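Below: the structure, in structure tokens.
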Amino acid sequence: MILFDFGSHIYGDLILNAYKRLYPTQSSLCQLYRLSTSLLESHTTVMAPPFIGTQSGSINNSWEENYADVDWDNLGFGLTTTDYMYIMKCSMKENFSRGHLTNYGNIEISPSAGVLNYGQGLFEGLKAYRKPDGRIQLFRPEHNALRMQAGARRLRMPSPSVEQFVEAVTQVVLANKRWVPPHGKGSLYVRPLLMGSGSVLGIGPAPEYTFLIFASPIGNFYKGRESLNLLIERDLHRAGPGGTGGIKSITNYSGVYETVAEAKAKGFTDVLFLDAVSGKYIEEVSSCNIFILKDNVISTPATHGTILPGVTRKSIIKLASDMGYQVEERNVPLEDLLNTDEVFCTGTAMVVTPVSSLTYDDTRVEYKTGNKTATHELHAILTGIQTGVIEDKLGWTLPIN
């Protein structure tokens with residue numbers, strides 16, 4: 001097998017063949033991979049607010065990076081505090097206008113804040129990636145902004161515009177760029193929050209809102225695991241019709257902590273939840289979407305309000321369709337899951353991760369995994385685009401330096 005080494009990523013025939021399926025008009029390796037061979041000689045700076053306290057008053061935005069003191073080869077999925085975060089506030093009757101960078105640290109909030117008392121809050125998750133030439137790019141950040149806006153409407157909160165959201169994310173990444181892992185070593189996970197920070201006693205929207213972004217370098221979400229071993233939960237449900245399962249509400253996650261902890265104690269990686277009405281259809285794993293592949297058909301549960309419309313989910317649907325797979329968004333019966341060829345999960349943190357086995361009551365089903373699967377192919381293409389190894393012809397990436 002011929003291997004092509006770009007930085008620390010080594011891709012072989014698999015990516016080339018898959019990429020040609022997506023873009024059959026490309027005729028040469030140079031056209032397939034247009035990677036920069038030199039760094040810019042000039043330096044660009046992003047001016048930092050005076051209160052940040054840098055000696056020079058600016059944050060160096062050179063492509064030649066001085067990295068933070070991190071063991072990049074052993075980076076897992078956990079919080080590593082970085083230098084700066086972003087804060088923007090507004091009242092209930094106003095629109096967000098101007099925010100600022102500040103040193104990462106604790107925030108002051110009233111005990112009667114809406115987010116603490118009534119769970120009026122949303123969060124998002126996206127990543128910044130370093131390309132082989134050292135430059136940094138985001139992946140479809142406008143979709144995270146739009147999803148936050150949809151959630152804010154449901155929870156009666158003002159929200160940043162798409163432009164404000166993307167600009168704030170860009171500022172945070174550039175201010176913390178020494179924490180963006182080297183190419184192939186991980187990514188900078190960016191966590192935007194929108195919360196009712198104003199004081200409120202009676203049940204209702206808070207009078208003031210805070211939009212906050214922090215970031216942390218991360219490695220593999222399931223470090224040390226190449227695939228997932230899922231347990232199907234019959235009795236407890238992640239979301240119900242008319243609820244908040246379709247938005248990224250902070251209230252959607254802690255309700256499954258106990259169930260997931262019990263499953264992990266039994267040796268499972270995570271839990272797959274069924275629909276709350278009939279218990280016959282699969283919905284989501286605790287924090288990610290799920291897909292099944294049978295023959296040439298890829299199916300994933302439709303987003304009817306109980307399932308989060310994931311950005312990675314949306315991207316995989318497009319890539320799989322372009323690769324010639326028939327993709328269906330539908331109600332997926334449990335029986336289809338138990339009689340399929342491949343299963344994989346998608347999400348910002350886990351990207352595309354294969355499922356090797358699934359247990360339902362006393363039934364254990366195993367699925368295809370490995371380098372010759374559609375799951376592996378989709379993962380290679382998606383991560384190639386995200387990290388700049390594969391040319392982005394879909395306009396999904398946003399270079400920020």
How about the stretch 125-161: which of its residues are out of contact with any Gly (no Cβ under 7 Å at 6 or more places or on another chain), open to solvent by 10 Å² or more (accessible area, probe 1.4 Å) and more than 25 Å from Ile218 (Cα to Cα)?
Gln149, Ala150, Arg153, Arg154, Leu155, Arg156, Pro158, Ser159, Ser161
Return yes or no: is Gln120 farther than 19 Å from Gly388 by Cα, in contact with a helix residue (DSSP H, G or I) (Cβ under 6 Å, 6 or more places away or on another chain), buried (at least 17 other Cβ atoms within 10 Å of the Cβ) and of a type in the set (S, T, N, Q)?
yes
Of those in the stretch 270-315 that are in a loop (DSSP other than H, G, I, E, B) and within 15 Å of the chain's Cα centre (by Cα), the residue surrounded by the fewest Cβ atoms within 10 Å (Cβ to Cβ) is Pro309
Residues (open to solvent by 10 Å² or more (accessible area, probe 1.4 Å), of a type outside the set (Asp, Glu) and not in a strand (DSSP E or B)) located in the stretch 389-401:
Lys393, Leu394, Gly395, Trp396, Ile400, Asn401
Residues being in a loop (DSSP other than H, G, I, E, B) and charged (D, E, K, R) - total across the stretch 338-351
1
Could you tell me which residue of the stretch 193-205 is least open to solvent (accessible area, probe 1.4 Å), considering only residues that are more than 28 Å from the chain's Cα centre (by Cα) and of a type in the set (A, V, I, L, M)?
Val200
Is it the case that Leu319 is open to solvent by less than 20 Å² (accessible area, probe 1.4 Å), assigned to a loop (DSSP other than H, G, I, E, B) and not charged (D, E, K, R)?
no
Subset of the stretch 106-116 (residues that are open to solvent by 80 Å² or more (accessible area, probe 1.4 Å) and over 27 Å from the mean Cα position of the chain (by Cα)):
Glu108, Pro111
Closer than 27 Å to Val271 by Cα and over 19 Å from the mean Cα position of the chain (by Cα): which single residue out of Thr383, Thr340, Thr346, Thr353 fits that description?
Thr340
Could you tell me whether any residue of the stretch 333-341 is within 28 Å of Leu146 (Cα to Cα) and among the hydroxyl-bearing types (Ser, Thr, Tyr)?
no
Within the stretch 353-387, the residues that are at pLDDT below 95 and either in contact with a Cys (Cβ under 8 Å, 6 or more places away or on another chain) or among the acidic types (Asp, Glu) (or both) are Asp361, Asp362
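Residue-wise test of (1) open to solvent by less than 10 Å² (accessible area, probe 1.4 Å); (2) under 22 Å from Ala263 (Cα atoms); (3) among the small types (Gly, Ala, Ser); (4) in a helix (DSSP H, G or I).
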site: Glu329; (1), (2), (3), (4): no, no, no, no
site: Asp336; (1), (2), (3), (4): no, no, no, yes
site: Thr353; (1), (2), (3), (4): no, yes, no, no
site: Ser356; (1), (2), (3), (4): no, yes, yes, no
site: Asn371; (1), (2), (3), (4): no, no, no, no
site: Thr375; (1), (2), (3), (4): yes, no, no, yes
site: His379; (1), (2), (3), (4): no, no, no, yes
site: Gly384; (1), (2), (3), (4): yes, no, yes, yes
List the number of the failed condition for Phe211; all other conditions in (1) outside any strand (DSSP E or B); (2) under 30 Å from Glu108 (Cβ atoms) hold.
(1)
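Matching residues to (1) charged (D, E, K, R); (2) at pLDDT 95 or above:
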site	(1), (2)
Arg140	yes, yes
Arg153	yes, yes
Met157	no, yes
Asn176	no, yes
Arg191	yes, yes
Val200	no, yes
Gly204	no, yes
Arg234	yes, no
Quick one: would you say Leu319 is modelled with pLDDT of 95 or more and touching a His at 6+ places or on another chain (Cβ under 8 Å)?
no
Would you mention how many residues in the stretch 209-245 are open to solvent by 20 Å² or more (accessible area, probe 1.4 Å) and more than 30 Å from Arg130 (Cβ to Cβ)?
13
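The values are calculated or read from the model by the stated rules, or taken from the named source; none is laboratory data. Just so we're clear, the structure is a prediction, and the values are computed from it rather than from any experiment. For neighbour counting, all protein chains shown are included, and Cβ atoms are generated from backbone atoms with ideal geometry for every residue, glycine included. Heavy atoms of the whole protein, side chains included, go into the accessibility calculation; ligands, DNA and RNA do not. Shrake-Rupley method; radii C 1.70, N 1.55, O 1.52, S 1.80 Å.
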